[in-house]
């Protein structure tokens, strides 16, 4: 079981990094949305590995499916299927300067602390934190959500209501709609 | 299998940091506003991964999972509002590039 867990974690992690890199760097926006969809589903797989199946379902249904459909529809509204090879590339000198400054800061702090790994070695060696069996079962989540975080939950519902009203106002403020109303 | 390879909290934290930085790079360099939104979602998902990892390893009452639900709701709201703004601002323009967004310059 441990071996299967390890292999699936590493496979998911490697594919996740590759698909997010493709999402950011591939020129065509449709392919970018597709790889974004794949990467959100891989995030869901990681939640399964962390014993949080409810969160995995939320991740796959909201991020994976709903957002991808929204993005595809809004791209189709604009019909921008042409290749986009434009990126805002900041100059190489800026990145090199940033890299050099961060290297200098890292060296100074590492020498001052006399530990270049910043405590990562001890962190890797400690196996005190074990994955609990059912830390995020639905019952525990519901209990916490409706007792400890009930105020935040209600506030969130208010926020969603404000969002709906805001979207409706934006759609009605469309200049074409106003012209039609003025002509009437 | 050695203990360094088997997944621990440390591995999940490193993975989510890497994904967060990929999201930041996408946010900085891309001009297409929809790609900017996808990069934002990648950043939010990596934050969610951080929450779930801490919740699974350290937390007993599932607070991290609850916060992941809150973040998902807020990001759904954010995507809906951003797409509405994109659609209403770029109604008559040929492409949705962030350089076309000159009406907010004042």
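Computed from the coordinates by the stated procedures, all read-outs in this text should not be read as laboratory data. Fair warning: this is a prediction, and the values are worked out from it, not measured in the lab. Positions of Cβ are backbone-derived with ideal geometry, glycine not excepted, and every protein chain shown enters the neighbour counts.
Below are the figures for this structure:
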{"item": "Distance in nm between pseudo-label sites at residue A:156 and residue A:69 (7 Å out along the Cβ direction from Cα)", "result": "2.1"}
{"item": "Average other protein chain Cβ within 10 Å of Cβ, residues A:64-75", "result": "4"}
{"item": "Protection proxy ranking, peptides A:68-77, B:55-64, A:39-48, average beta carbon neighbours within 10 Å, highest first", "result": "A:39-48, B:55-64, A:68-77"}
{"item": "For region A:1-44, Kirkwood radius (reciprocal of mean inverse C-alpha pair distance, Å)", "result": "10.9"}
{"item": "Chain lengthening between residue A:148 and residue A:15 when straightened (0.36 nm per residue, less Cα-Cα)", "result": "44.2 nm"}
{"item": "Inter-label distance for residue A:113 and residue A:31, nm, one decimal - labels placed 7 Å from Cα along Cα-to-Cβ", "result": "4.0"}
{"item": "Region A:1-86 - Rg and Dmax from Cα coordinates, angstrom", "result": "14.9, 48"}
{"item": "Fraction in percent of alpha-carbon pairs per bin - 10 Å, region B:9-92", "result": "18, 39, 29, 12, 2, 0"}
